[in-house]
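Throughout, read-outs are computed from the coordinates displayed, never taken from laboratory work. Remember, predicted model here, so these are calculated numbers, not experimental data. Note: ideal-geometry Cβ built from the backbone for every residue, glycine included; neighbour counts use all protein chains shown.
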Amino acid sequence: MTVEARERTGTLAGRRFVVTGGSRGIGAAVVRLAVAEGADVVFGYQRNADAARELCQEVTKAHPDRICTALPVEVSDQEDVAEFIEGALGALGSIDVLVNNAGISRSSAFTGTPRGEWDELVETNLGGLFNLTQPLVRPMVERGAGAVINLSSVAGLHGSAMQAGYSTTKAGVIGFTKALSKEISGFGVTVNAVAPGLIETDMTAVIPAEYQELVRARIPSGRFGTPRDVAHTVCFLASDRARYITGQVIEIAGGLVL
Ligand SMILES: NC(=O)c1ccc[n+]([C@@H]2O[C@H](COP(=O)([O-])OP(=O)(O)OC[C@H]3O[C@@H](n4cnc5c(N)ncnc54)[C@H](OP(=O)(O)O)[C@@H]3O)[C@@H](O)[C@H]2O)c1
């Protein structure tokens, strides 16, 4: 399919995706939507092999002509990521789109935050960004085409109380996105971030019900987002329709400002 045809239809036909954290939540929605729009996908998971296998079965049943493969990876471990990338290249040949989605959140008053919690957030949310992006953008730059989409958060834009460590890493994702876009957009590789508000996933399910109600009341759209709400923007940023968008942070938060 030509670039013009892909642009006209907004399709992801022929695009080869790597998505981290694809077994659940937002990552799983990106996997489902990208394959439905014509992409081939390799996604990573950390521990949930059953959920990853079930997602592959579901997606492959719906789109038997597409590749959907799950591989385990610890994103904070550079050697493990190198092995994951080797597996992804084996399945897909080369990679057009990287979605840096895997991430963790932790909540504690900063005055009582153990240093280990801070380090875990940095190693996962920022270490993972380095480990995946560096080896995968090199060939994109050489080929002169590609897209990187990073998961930030409204916490990174506005700061979230009781989440200094998480907010710091998600602000770091934004700095990285803007800097890298300046470095490589001239080679045809776009780099963007999305900043979701509160999305219905396991990550937000742990928020006490009372606090969930308080936040919901402050969301102009009147509801938490769905993983699919985020996946639509991620897939748009991966498509030819978005090829002149780079270095941007798109909020997907139903109007919520923390
Ligand atoms: N949910 C929200 O409201 C929200 C808001 C703003 C931003 N975000 C961001 O969006 C992204 C996805 O969030 P989510 O809510 O979908 O998360 P989630 O439901 O908790 O799922 C996290 C995913 O990341 C994987 N993962 C976690 N730690 C990993 C590690 N060290 N190495 C490899 N994979 C790892 C998990 O794998 P397993 O299934 O194997 O554990 C899972 O697939 C995160 O970066 C998060 O910060 C979320």
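A few points about this structure:
- Gyration tensor analysis over the Cα atoms of the chain returns equivalent ellipsoid semi-axes of 28, 20, 19 Å (largest first, whole Å).
- Dipole size of the chain about its Cα centre, with +1 on Lys/Arg Cβ and -1 on Asp/Glu Cβ: approximately 740 debye, rounded to the nearest 20.
- Relative contact order, percent, the chain [alpha-carbon distance under 8 Å, six or more residues apart]: 21
- Cα centroid separation, the stretch 70-91 to the stretch 183-232 (Å): 26
- Protection proxy ranking of 222-231, 111-120, 178-187, 39-48, by the mean of other Cβ atoms within 10 Å over each peptide's residues and highest first, is 39-48, 222-231, 178-187, 111-120.
- Ranked packing of 96-108, 154-166, most packed first, by mean Cβ within 10 Å: 96-108, 154-166
- In summary, the stretch 94-135 shows an alpha-carbon radius of gyration equal to 1.46 times the 2.2 N^0.38 Å reference for compact globular proteins.
- Electrostatic bookkeeping for Ile104 treats Lys and Arg as +1 and Asp and Glu as -1; over the other residues with beta carbon under 15 Å from its beta carbon, the sum is -3.
- Kyte-Doolittle mean at least 0.0 and Cα axial length at least 15 Å: DSSP H helices in the chain: 25-36, 78-92, 128-143, 164-184, 227-238
- Per-q log10 I(q)/I(0), the stretch 13-56, q = 0.29, 0.30 Å⁻¹ (Debye; single scatterer per alpha-carbon; no solvent): -1.00, -1.05
- Toward the positive end of the charge dipole of the stretch 108-200, with +1 on the Cβ of Lys and Arg and -1 on the Cβ of Asp and Glu, the farthest Cα among Thr168, Val191, Pro135 is that of Val191.
- Cα gyration tensor of the stretch 80-154 - equivalent ellipsoid semi-axes, whole Å, descending: 30, 13, 9
- Placing one equal scatterer on every Cα of the stretch 34-109 and applying the Debye formula, the log10 ratio I(q)/I(0) at q = 0.11, 0.16, 0.17, 0.25 Å⁻¹ is -0.31, -0.63, -0.70, -1.31.
- Note on the chain: helix-only mean residue ellipticity at 222 nm, from DSSP H runs of 4+ residues weighted -39500 (n - 2.57) and normalised by residue number, equals -14500 deg cm²/dmol.
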